[in-house]
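What follows is a short report on a single structure.
Derivation of every value follows stated rules applied to the coordinates shown; laboratory data play no part. Note that the coordinates shown come from a computational prediction; the quantities given were computed from them, not determined experimentally. Quick reminder, even Gly has a Cβ in these numbers, built from the backbone with ideal geometry, and neighbours come from all protein chains shown.
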Amino acid sequence: MAFDKGYCKTDCTRCSEVCPAGAIKKIDEIEKSAISIGHAVTVPQNCLLGQGVACNACSRHCPTGAITLVDDASTGHKVVAVNENTCIGCGACEHLCPVRPFSAIYVEGREVHTTV
């Protein structure tokens, strides 16, 4: 998926409705919110937080609360922490990260989707 173009919204099941090959099984919104298609990975050297900028775009837009900001005692700045057990890989964090051309957070897809 290209999260620079958009992200997978938890209230949308359109892909499961229109898949012509049946590769995506039909699901409802409740089922979708529990399916993990990937997990977020941080790139600390790209993150604005490490530069002392008060950014929280990734944590503010995470629909599952999997992304939080925690104190880094060594730098005195906040850093991004990802809870892989609750991350669904929707890409909202990557899409809404203001850092360009290389986001400070990206999603690694799962070979086999899991449930959270």
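Per-residue Karplus couplings for the stretch 93-102, computed as 6.51 cos²θ - 1.76 cosθ + 1.60 with θ equal to phi - 60°, are listed in order as 4, 5, 5, 8, 5, x, 6, 9, x, 10 Hz, Gly and Pro entered as x.
Helical content alone sets the calculated 222 nm signal of the chain at -3000 deg cm²/dmol, taking -39,500 (n - 2.57) per DSSP H segment of four or more residues and averaging over every residue. Each of Cys12, Cys58 was scored by other Cβ atoms within 10 Å of its Cβ. Arranged with the fewest first, they read Cys12, Cys58. Taking every alpha-carbon pair under 8 Å whose residues sit at least 6 apart, the chain reaches a relative contact order of 36 percent.
Fewest to most neighbouring Cβ within 10 Å: what's the order for Ile30, Ile67?
Working: Ile30 9, Ile67 24.
Listing Ile30, Ile67 from fewest to most nearby Cβ atoms yields Ile30, Ile67.
Each residue of the stretch 73-82 was assigned a 3J(HN,Hα) from its phi angle through the Karplus expression (A = 6.51, B = -1.76, C = 1.60, θ = phi - 60°), giving 4, 6, 10, x, 9, 6, 9, 7, 10, 10 Hz with x at Gly and Pro. Assuming R0 = 25 Å, what is the FRET efficiency of Val18 and Val116, from their Cβ-Cβ distance, to the nearest 0.05? With a Förster radius of 25 Å, E is 0.55. Residues in the stretch 59-71 carry Karplus couplings, in order, of 6, 5, 9, 5, x, 10, x, 6, 10, 10, 10, 10, 6 Hz; the curve used is 6.51 cos²θ - 1.76 cosθ + 1.60 with θ = phi - 60°, and Gly or Pro positions show x. Given the choices (1) 1.02; (2) 1.07; (3) 0.98, Rg/Rh (Cα atoms, Kirkwood Rh) derived from the coordinates of this structure is entry (1). Residues within the reach of a label modelled at Lys26 (point 7 angstrom out along Cα to beta-carbon, backbone nitrogen below 12 Å), restricted to the stretch 1-20, are 16-19. Taking the centroid of alpha carbons for each part, the stretch 9-26 and the stretch 58-116 are 24 Å apart. Placing +1 on the Cβ of every Lys and Arg and -1 on the Cβ of every Asp and Glu, with no other charges, gives the chain a dipole of roughly 240 debye about its Cα centre.
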